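The values are calculated or read from the model by the stated rules, or taken from the named source; none is laboratory data. None of these values were measured; they are calculated from a predicted model. Methodologically, a virtual Cβ is constructed for each residue, glycine included, from the backbone with ideal geometry; neighbour enumeration extends over all protein chains shown.
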Amino acid sequence: MPRRAAYNLGKSLVVNGLRTEAIALLRDQLPHARRLGPDHEVSLLLRTDLAKTLYHVDAPRDDVREAVAILTDVRARARRVMGATHPVTIRADAEFPHAQLCLELAEARETRDLDALRRLQRKLGL
C-alpha cells in the first residue's frame, strides 16, 4: 500500500476511534518502507506517522516512550540526510515537543505527581 494511502487509512481509523487498528496498519507498512532504506523519505514519513499515532494525552507511557524514540531517530536521520529545512525534518521536529509533553504527562500520571499533572495539563490545554 502506498504511504499516502496507509497514512490516510490510518488517520481515518484514528478519527473513528480505532487507534489500535491504525497502529497495526502502520506497523504492517514499515517493512515495505524499510526496503527503500532507513533514511529514505518514505521510511522516515511512515515512522513519523506511526509515532504521531502512538502518542496522545491518554496513551500508555510505553507507547509514548516508543513515539519519542522514533521521533528522536527520525529527526536525526532526516537532519543528516535531508537537512534542517527539509519538510520531513520540519514535520518530525514539530511533532517532537508535543510527544515529549505527552511522555511527561504519562510519567506524572504513573507517579501520581499532581503538581506536574496540573502544570502539564495546562501546557497541553486540557
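Being in a helix (DSSP H, G or I), crowded, with 19+ Cβ neighbours inside 10 Å, at pLDDT below 90 and of a type in the set (A, V, I, L, M) is a description that applies to Ala6. Among residues of region 19-41 that are free of Cβ contacts under 8 Å to residues at least 12 places away in the same chain, those with a Cβ under 6 angstrom from a residue that is among the small types (Gly, Ala, Ser) and surrounded by 13 or more Cβ atoms within 10 Å (Cβ to Cβ), sequence gap 6+ or separate chain, pair up as Arg34/Ser43; Leu36/Ser43.
Where helices (runs of 4 or more DSSP H) sit wholly within region 42-126, those with at least 2 residues that are in contact (Cβ under 8 Å) with a residue 24 or more places away in the chain and surrounded by 18 or more Cβ atoms within 10 Å (Cβ to Cβ) occupy 61-82, 87-111.
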